Amino acid sequence: MNDAVWAIVPAAGRGSRFGGDRPKQYLEVAGRTLLEHALDALLVHPRVAGAVVALSADDAYWPGEAARQGKPVLACVGGGERADSVLAALDALPADVGDSSLVLVHDAARPNLRLDDLDRLIAAAGAHADGAILAAPVRDTLKRAAADGGIASTEPRESLWRAMTPQAFRRGPLASALRAARGDGVVVTDEAMAIERLGGRPRLVEGREDNLKVTTPADHALVEFLLARGDRGASERST
Ligand SMILES: Nc1ccn([C@@H]2O[C@H](COP(=O)(O)OP(=O)(O)OP(=O)(O)O)[C@@H](O)[C@H]2O)c(=O)n1
Ligand SMILES: C[C@](O)(CO)[C@H](O)COP(=O)(O)O
């Protein structure tokens, strides 16, 4: 089996919850856009051979680069839902990326991925047929809201985890699962959900809490602090 791993970066979102004058993946922090940080955090891994970025049809910010860190970066047009963008990127992978090849799906809005987390994820996904995702155990007490704004109930948090990305799967099973969900009219919020609904059990790989997704302006200040201080944790990031 070809050891090469390809990265897919869905970057066709509008960033509506963030607002701003451009889609949040093009927010610049510490000299690079969130999308560039995400790409660099993936491409720095020696097994990652390249990346496919899914862009909105009217994307006005993509610089059109064909390579980063000496590795190919391809672009395609995404779709209305995340899963559409991921499927478009899967279809845009080079022909020599077979169905048994590992692919990583990583949010363009998660710029602070660390090499050691990525390495553990790739190892876990390679060892488990149903793939693996980075995730973090829930550490807060969870409340279910009632319609009137009061607390309806407290949800047991034992064994609850927050899914993050990258999420890693074999190309063929991932594409089939995403197509099955779409065919059934099910909107999946992450790739693992599509695998799970067919009975798959991807592994949970505990990742750093600071692998955060930039969703609202409040996240911007935090990610700026994380990236600007050059805190690379246990891993070196490409410059
Ligand atoms: N149709 C879509 C929707 C989302 N994404 C990507 O999926 C990632 C995570 O999605 P999210 O954080 O929800 O981004 P947006 O959809 O842009 O945000 P919002 O929901 O606030 O509009 C982002 O990198 C986003 O660009 C995508 O490629 N295609
Ligand atoms: C894929 C994800 O980041 C896992 O938590 C999350 O589901 C993306 O959700 P979004 O609403 O598309 O940002």
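Quick note: the coordinates plus some simple rules give every number you see, no bench work behind them. None of the values given here were measured: they were computed from a predicted structure. Heads up, the Cβs are rebuilt from the backbone with ideal geometry, glycines too, and the neighbour counts pull from every protein chain shown.
For the chain, what relative contact order do you get, as a whole percent, if you take Cα pairs closer than 8 Å and at least 6 residues apart?
On the way: 478 pairs, mean separation 57.3, N = 239.
For the chain, the relative contact order is 24 percent.
For the range 5-237, give me the percentage of DSSP beta bridges that are antiparallel, rounded to the nearest 5 percent. Don't jump to the answer; show the numbers that get you there.
Values: 17 of 36 bridges.
Restricted to the range 5-237, the bridges split so that about 45 percent are antiparallel.
Please get the size of the charge dipole for the chain, origin at its Cα centre, with Cβ charges of +1 on Lys and Arg and -1 on Asp and Glu, quoted in debye to the nearest 20.
Details: 29 positive and 33 negative charges, 47 e Å.
Dipole of the chain, to the nearest 20 debye: 220 debye.
If packing is taken as the average count of other Cβ atoms within 10 Å, what order do 212-224, 35-47 fall into, highest mean first? Before the final figure, lay out the partial values.
On the way: 212-224: 15.4, 35-47: 21.3.
My ranking of the peptides, most packed first, is 35-47, 212-224.
Can you give the helix-only mean residue ellipticity at 222 nm for the chain, where every DSSP H stretch with n ≥ 4 adds -39500 (n - 2.57) and the sum goes over all residues, rounded to the nearest 500 deg cm²/dmol? Write down the numbers at each step before the final one.
Working: 6 runs with 64 residues, N = 239.
Roughly -8000 deg cm²/dmol at 222 nm, from the helical runs in the chain.
Stokes-Einstein at 4 °C, 1.567 mPa s, Kirkwood radius from Cα pairs: D for the range 5-237 in µm² s⁻¹? Present the calculation step by step, with values, prior to reporting the outcome.
On the way: Rh = 18.2 Å.
Answer, rounded: 71 µm²/s.
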